[in-house]
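Novice: Questions regarding the structure given below will be posed in turn.
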Amino acid sequence: MQTPPRVLTVAGSDSGGGAGIQADLKTMLALGTHGMSVLTAVTAQNSLGVQGAWELPAEAVRAQFRSVADDIGVQAVKTGMLASAELVRTVAELLAGPAAAGVPVVVDPVGVSKHGDTLLAASALDAVRTALLPTATVATPNLDEVAQLTGVRVAAAEEMPKAAEAILAFGPRWVLVKGGHLPAGDAVDLLTDGDARHWLRAPRHDNRHTHGTGCTLAAALAARLAHGDTVPQAAAAAKEYVTGAIAAGFRLGAGIGPVDHGWRLRGAR
């Protein structure tokens, strides 16, 4: 049997199963790839928020990465919660090899959870800017993460190119600025490499159960890149997948439920 494309996620665990490593692996499976993981942190998390977080030692992160990359190999890598400056620098160092070899790297610069809980130490922001973002084939910040990293604040879609330019200045080849936090109209994202601009639009669904949206989009992008898509093709496919997942998001617990990573499978039944 043919081995599916291999995609590695380097991120934190969400014990509630809606975001982080769990969301990434579900997305990768749904999009026909073999997902693998490097755990960077463990969170106690549910639909109401994050009750606790514990980062893993850098040596544990390094050992997991080398174990997978040296034996199995990777065709795309996605990063998520990295928690501290030490882990950001460790992961950036590990990604330098695959990135130099042409393996696509999707960097989701996770700073804050859906519930407003901090997932990245303030002291790590400079390491994200100077060490991690330069390894990225595509960076996928939302508007809050753009503001956190660059100071640029966006109130309308026409201001998103300014945000993209600010992120591109740190070295990623492409940036996908996510406009889902804008208050009205379609959900609009901007993909650009500084020259070409691709506006990705989708209907905004009236569904509060959107936990894991950012992780899911970045993981879908990495999965499509592993299949051989160009960056614009992969971004369009990821946008379509996450829009369906948001539309099918479901209640779980007493707070904000997750997007439905298996919406296509359920629709086929």
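Novice: For the chain, what does the helix formula give at 222 nm: sum of -39500 (n - 2.57) over DSSP H segments with n ≥ 4, over the residue count, nearest 500 deg cm²/dmol? List each step's numbers first, then the result.
Specialist: Working: 8 runs with 94 residues, N = 269.
Estimated from H runs of four or more residues: -11000 deg cm²/dmol.
Novice: While we're here: Got a sec? Charge dipole of the range 6-267, +1 on Cβ for Lys and Arg, -1 for Asp and Glu; which of Ala187, Val175, Ala69 is way out at the positive end?
Specialist: Looking along the dipole axis, the top candidate is Ala187.
Novice: Right, another one. Under 5 Å between amide hydrogens, which residues at least 5 positions from Ser15 or on another chain qualify, with H placed 1.01 Å from N in the peptide plane?
Specialist: For Ser15, whose amide H was placed from the backbone, the distant partners under 5 Å are Thr43, Gln45.
Novice: In nm, give the distance between the simple-model label positions of Glu165 and Ala184, each being 7 Å from the Cα along the Cα-to-Cβ direction.
Specialist: It is 2.6 nm.
Novice: Could you tell me what percent of the DSSP beta bridges with both partners in the range 97-223 are antiparallel, to the nearest 5? Present the calculation step by step, with values, prior to reporting the outcome.
Specialist: Working: 11 of 16 bridges.
Here the antiparallel bridges make up roughly 70 percent for the range 97-223.
Novice: Only four residue types carry charge here, +1 at the Cβ of Lys and Arg and -1 at the Cβ of Asp and Glu. Report the dipole size of the chain about the Cα centre in Debye, rounded to the nearest 20. Can you show the working numbers first?
Specialist: Details: 22 positive and 24 negative charges, 130 e Å.
In total the dipole reaches around 620 debye.
Novice: Also: Using the charge dipole of the range 6-267 (Lys, Arg: +1 at Cβ; Asp, Glu: -1 at Cβ; taken about the Cα centre), state which of Ala147, Met81, Ala237 has its Cα farthest towards the positive end.
Specialist: Ala237
Novice: In what order do Arg173, Arg197 fall by count of nearby beta-carbon atoms within 10 Å, going from fewest to most? Intermediate values should be presented prior to the final figure.
Specialist: Details: Arg173 17, Arg197 12.
Arranged by neighbour count, lowest to highest, Arg173, Arg197 become Arg197, Arg173.
Novice: Obtain the nm distance between the two label points defined at Ala254 and Asp206 by a simple spin-label model: each point lies 7 Å from its Cα along the Cα-to-C-beta direction.
Specialist: Simple spin-label model gives 2.7 nm for this pair.
Novice: Run the numbers on the range 6-267 and let me know its relative contact order in percent, using alpha-carbon pairs under 8 Å that are six or more apart.
Specialist: Working: 589 pairs, mean separation 50.3, N = 262.
So the answer I get is 19 percent.
Novice: I would also like to ask the following. Tally the DSSP beta bridges in the range 6-267 and give the antiparallel ones as a percent, rounded to 5.
Specialist: Around 45 percent of the beta bridges assigned by DSSP in the range 6-267 are antiparallel ones.
Novice: Let me ask something additional. Taking neighbour Cβ counts within 10 Å as the exposure measure, how do His209, His181, His198, His261 sort from fewest upward? List each step's numbers first, then the result.
Specialist: Values: His209 20, His181 11, His198 17, His261 29.
The order, fewest Cβ neighbours first, is His181, His198, His209, His261.
Novice: Within straight cross-link reach of Lys26, meaning Cα distance under 12 Å, which aspartates and glutamates are found once same-chain residues fewer than 8 apart are removed?
Specialist: Asp260
Novice: Here's another thing I want to ask about it. Let's test the formula: R0 of 22 Å, r as the Cβ-Cβ distance of Thr118 and Leu48. What FRET efficiency results, to the nearest 0.05? Don't skip to the end; give the middle numbers.
Specialist: Numbers: r = 16 Å, r/R0 = 0.72.
Approximately 0.90, to the nearest 0.05.
Readers should treat all values here as calculations from the given coordinates under stated rules, not as data from a laboratory. Predicted model only: the values in this text are computed from it and were never measured. Heads up, the Cβs are rebuilt from the backbone with ideal geometry, glycines too, and the neighbour counts pull from every protein chain shown.
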